[in-house]
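A short reminder: the numbers here are calculations on the coordinates, not readings from a lab. Just so you know, these numbers come straight off a predicted model, no measurement behind them. Here the Cβ positions follow ideal geometry from the backbone for every residue, glycine too, while neighbour counts run over all protein chains shown.
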Amino acid sequence: MRKKEIESSQAKLHTIKEFSDLTGISESEIIRLVLLKKIKALRIGKSVRITEKELELFIDSLIGKNFSGAVNNFGSLGQEKILYTAEQVAKILNLSVDNVWLLLKTGKLKGFKIREGRSSWRIPVKSLEEFISYRMRIATK
């Protein structure tokens, strides 16, 4: 992407750390994806920036088009997380990580894997909210 295109569109630029915080993917993994050109980035001097549009495209590619409405409304979300790791969900739900993985594997909690191995699950905020509201309905019956 060219500097003139960025300036003309007044796009929000994210640092690697901000991108990492928003997606729940480690900074080193984001850098690896930028180097592999899976994520388009803009170099400004010695720093690397990623546009809001690239963030949306990246999340769409991971989650799919069903979540694109929430991604397109990202500006209204501020800097809130849109993806959680299994470890973060375990803390929120006060469960062990193994139980969260079991919920993910059985499909009771919707998420996706970004790679093979541990700590590879990502859970969209919307999925976590749906899971919590479902469990609340069961508990109040």
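A simple count of charges around Leu103, restricted to other residues whose Cβ falls under 11 Å of its Cβ and scoring Lys, Arg +1 and Asp, Glu -1, yields +3. Report the Stokes-Einstein translational diffusion coefficient (µm² s⁻¹, integer) for the range 82-141, Rh taken as the Kirkwood radius over Cα pairs, at 20 °C with viscosity 1.002 mPa s. It comes out at roughly 185 µm²/s. Projecting the Cα atoms of Thr140, Ile123, Ser96 onto the dipole axis of the range 82-141, where Lys and Arg carry +1 and Asp and Glu carry -1 at the beta carbon, places Thr140 farthest toward the positive end.
Each residue of the range 129-141 was assigned a 3J(HN,Hα) from its phi angle through the Karplus curve 6.51 cos²θ - 1.76 cosθ + 1.60 (θ = phi - 60°); the sequence is 4, 5, 4, 5, 5, 4, 5, 5, 5, 5, 5, 8, 6 Hz, with glycine and proline shown as x.
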